Amino acid sequence: MKFIKIKHFWKNLRKYWTHRFCLIIRNEENLSDVFSLKLTPRKIFVLGTISALLIIVATAFLIAFTPLRFYVPGYTNPIEYKLYKQMLARVDSIEKINVIHKVYLDNFYNILNDAVAFKEMNEPMEGVSEKRIKDKEKAAQALKHVSDAAEQLLIEITDRTAKSYIPILQNITSPTFAFTMPALGMITNSFSIQDKHFGIDIENEKGTLITAIADGVVISTIFSENEGNTLVIQHSGNIVSQYKNLDLILKNRGVKVKSGDPIATMGNKGTELQNPYLHFEIWYNGMPINPVEYFIGS
């Protein structure tokens with residue numbers, strides 16, 4: 001039944017599609033024609049379609065370029081949009097900082113527990129530690145140890161002027177290892193525990209290339225007014241090497257390096273000397289040792 005009605009409607013529409021009709025408006029008092037308009041169903045359809053499109057376009061422009069758009073559900077105020085972008089950038093920065101701190105704690109865990117082997121140094125790395133300790137009990141103990149001792153240990157290692165430094169035992173068993181020289185140059189200041197000079201100074205021209213003494217992981221890149229740019233590498237066997245008074249640092253924190261890899265260039269940003277030099281330290285089991293005694297060929 002419905003199909004018959006629809007068919008009948010289209011039949012009548014086609015029949016009267018081109019028929020002309022006249023719309024007349026007359027004055028009721030004297031029956032004179034005030035307005036007349038000749039129309040056909042086709043003209044009505046065309047005019048109706050054009051009018052609808054114009055209304056849609058006008059409404060869209062009215063909403064898009066006037067304050068009315070603020071009342072549309074889901075539309076964001078420009079000021080609020082800027083705030084959202086700023087918040088998104090801050091959240092992204094916080095996530096990056098958290099990743100860096102996670103890498104730092106992982107590397108510090110490896111320092112305290114001797115968990116890095118030389119065979120691991122040849123594996124590719126993109127700045128984030130790929131190795132994770134699976135033993136949850138050991139990891140929990142290490143993290144607790146880090147939270148208690150990390151701040152104090154870092155100060156004692158990096159700040160040679162600190163009064164409460166790690167006590168040096170006189171009868172320390174000498175470790176059996178050998179390293180390459182970190183840079184070419186003349187040793188102008190030697191290792192001295194009495195003078196609290198826990199390393200050696202190698203003097204050369206500014207920009208002299210500095211290399212890693214052995215395979216390891218970069219665990220810190222910091223700057224201080226007294227010691228300039230500083231880079232710290234953790235090696236296997238609870239060995240840490242420090243390179244201070246640098247000009248340019250070539251490796252980021254968390255990157256694995258091999259013996260002889262360029263890591264920095266020599267600078268003169270420290271306050272101890274005016275000439276460019278490298279202050280170099282080696283720490284073994286949390287205590288400084290004389291680097292000269294462990295260089296290859298020394």
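Computed quantities for the displayed model
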{"read-out": "Residue 219 in contact with a Lys or Arg (Cβ under 8 Å, 6 or more places away or on another chain) and more than 17 Å from residue 199 (Cα to Cα)", "value": "yes"}
{"read-out": "Matching residues in the stretch 199-208 - criterion: being assigned to a strand (DSSP E or B) and among the charged types (D, E, K, R)", "value": "201, 203"}
{"read-out": "Meets criteria (assigned to a helix (DSSP H, G or I) and at pLDDT 85 or above) for residue 97", "value": "yes"}
{"read-out": "Which listed residue is in the same structural domain as residue 100 (by TED's automatic domain parsing) and under 19 Å from residue 104 (Cβ atoms), from 209, 231, 184", "value": "231"}
{"read-out": "Matching option when the condition is in a helix (DSSP H, G or I) and at pLDDT below 75, among 89, 139, 60", "value": "139"}
{"read-out": "Of residues in the stretch 261-275 being modelled with pLDDT under 90 and assigned to a loop (DSSP other than H, G, I, E, B), the one farthest from residue 226 (Cα to Cα)", "value": "275"}
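Here is a yes/no grid of residues against (1) in contact (Cβ under 8 Å) with a residue 40 or more places away in the chain; (2) not in a strand (DSSP E or B):
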{"position": "210", "(1), (2)": "yes, no"}
{"position": "214", "(1), (2)": "yes, yes"}
{"position": "218", "(1), (2)": "yes, no"}
{"position": "221", "(1), (2)": "no, no"}
{"position": "226", "(1), (2)": "yes, yes"}
{"position": "229", "(1), (2)": "yes, no"}
{"position": "233", "(1), (2)": "no, no"}
{"position": "242", "(1), (2)": "yes, no"}
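For every residue, the table says whether it meets (1) surrounded by fewer than 18 Cβ atoms within 10 Å (Cβ to Cβ); (2) among the hydroxyl-bearing types (Ser, Thr, Tyr); (3) touching a Ser or Thr at 6+ places or on another chain (Cβ under 6 Å); (4) over 20 Å from residue 187 (Cα atoms).
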{"residue": "231", "(1), (2), (3), (4)": "no, no, yes, no"}
{"residue": "244", "(1), (2), (3), (4)": "no, no, yes, no"}
{"residue": "265", "(1), (2), (3), (4)": "no, yes, no, no"}
{"residue": "278", "(1), (2), (3), (4)": "no, no, no, no"}
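The values are calculated or read from the model by the stated rules, or taken from the named source; none is laboratory data. As the structure is a computational prediction, the values presented were derived from the model and not from experiment. We place every Cβ from the backbone using ideal geometry, glycine too, and count neighbours over all the protein chains shown.
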